[in-house]
Amino acid sequence: MHTDGNAIAGLLEEIFGREMTGTERACQSCRARTLIGGHPLYRGAGLVLRCPSCGDVAACIVTTEDGYAVSLRGTWRLERLSPSASAPAPG
Ligand SMILES: [Zn+2]
C-alpha cells in the first residue's frame, strides 16, 4: 500500500512545531520541487521520504529513546510563521 508524507503529518508537526505537508522541497539531485506531503514514504528501521521524481532520499526520521534523529536533504522552504502567532501580545 502506497503512503506518502501526508501519512506522517502529525509526526512532522510534532518535530517541527508546524504543519509541514504543504512545505515545498527542492531535490538535491534532480531539482524537482515537490510538497512534502507528495513524497512517497517508506517504513523500515526508520521513516524515509523519497523524491517522487528521482527516488533520492528527502528525509530520514528515526525514533530514539528520548526523541527523534532527523536527517533532511535538499532545500526545504519554510514560510515565516505569522508574528502574531509566536510573539507575545504587546502590553
Ligand atoms: Zn529528485
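Couple of notes before you dig in:
- Only helices enter this figure: runs of n ≥ 4 DSSP H residues, each worth -39500 (n - 2.57), summed and divided by the residues of the chain, yield -3000 deg cm²/dmol at 222 nm to the nearest 500.
- Diffusion coefficient of the chain by Stokes-Einstein, Kirkwood radius over Cα pairs, 20 °C, 1.002 mPa s: 153 µm²/s.
- The charge dipole of the chain, taken about the Cα centre with unit charges on the Cβ atoms of Lys, Arg (+1) and Asp, Glu (-1), comes to about 400 debye, rounded to the nearest 20.
- Farthest toward the positive end of the dipole of region 5-86, out of G10, C54, I36, is the Cα of C54, where the dipole comes from beta carbon charges about the Cα centre.
Values quoted throughout were computed directly from the atomic coordinates according to the rules given, and no laboratory measurement underlies them. Computed from a predicted model, the values in this text were never measured in an experiment. Neighbour counts run over all protein chains shown; Cβ positions are idealised from the backbone, glycine included.
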